[in-house]
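The values are calculated or read from the model by the stated rules, or taken from the named source; none is laboratory data. A quick note: this is a predicted structure, and the numbers were derived from the prediction, not measured. Using ideal geometry, Cβ is built from the backbone for each residue, glycine included, and neighbour counts are taken over all protein chains shown. Surface accessibility is based on the protein's heavy atoms, side chains included, excluding ligands, DNA and RNA. Shrake-Rupley method; radii C 1.70, N 1.55, O 1.52, S 1.80 Å.
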Amino acid sequence: MRLIKESSTNNENRKAIGAVCPVSFALDKVGGRWKPLILWHLKNNTLRYSELRKAIPPITEKMLIQHLKQLETDKLVVRKVVEVMPPHVEYHLTEAGAELLPALDALAKWGTKNSLIL
């Protein structure tokens, strides 16, 4: 995962905007190409890493790992190591992650309605 220089102007601007604009804060946490898809697939399920990988075929392994780590750092997803033979990792939404589901549903409805228009 790429480290962000804490003192960079871009990072300072991102924090400042997020502090005054709740929409920018939310989009910083869940925006992008892959995070909404990851959250969407976890909406009703606890999934293993391999199940998530299969559910989102175009995502690279590097991107999936990176975004899962970011979602875990932002406390939207929980990573649980299951100590069985063979060991595996499971992911599920936190309470904060589950609170995003109505917003994702609204975006999905908007996208379905407007994807052919725009």
Matching option when the condition is closer than 19 Å to L27 by Cβ, under 14 Å from the mean Cα position of the chain (by Cα) and in contact (Cβ under 8 Å) with a residue 40 or more places away in the chain, among K69, K75: K69
Filter result for T46 (touching a His at 6+ places or on another chain (Cβ under 8 Å) and either of a type in the set (K, R) or at pLDDT 95 or above (or both)): yes
Single match in G32, G97 (criterion: in a loop (DSSP other than H, G, I, E, B), closer than 26 Å to A16 by Cα and small (G, A, S)): G32
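Yes/no matrix, rows are residues, columns are (1) under 21 Å from P102 (Cα atoms); (2) touching a Lys or Arg at 6+ places or on another chain (Cβ under 8 Å); (3) loosely packed, with under 14 Cβ neighbours inside 10 Å:
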| site | (1), (2), (3) |
| --- | --- |
| F25 | yes, no, no |
| V30 | yes, no, no |
| R33 | yes, no, yes |
| L37 | yes, no, no |
| N44 | yes, no, yes |
| Y49 | no, no, no |
| R53 | no, no, no |
| E61 | no, yes, yes |
| Q66 | no, yes, no |
Cβ-Cβ under 7 Å pairs, at least 6 apart or on other chains, the stretch 100-118 side modelled with pLDDT of 95 or more and in a helix (DSSP H, G or I), far side open to solvent by 100 Å² or more (accessible area, probe 1.4 Å) and aromatic (F, W, Y): none
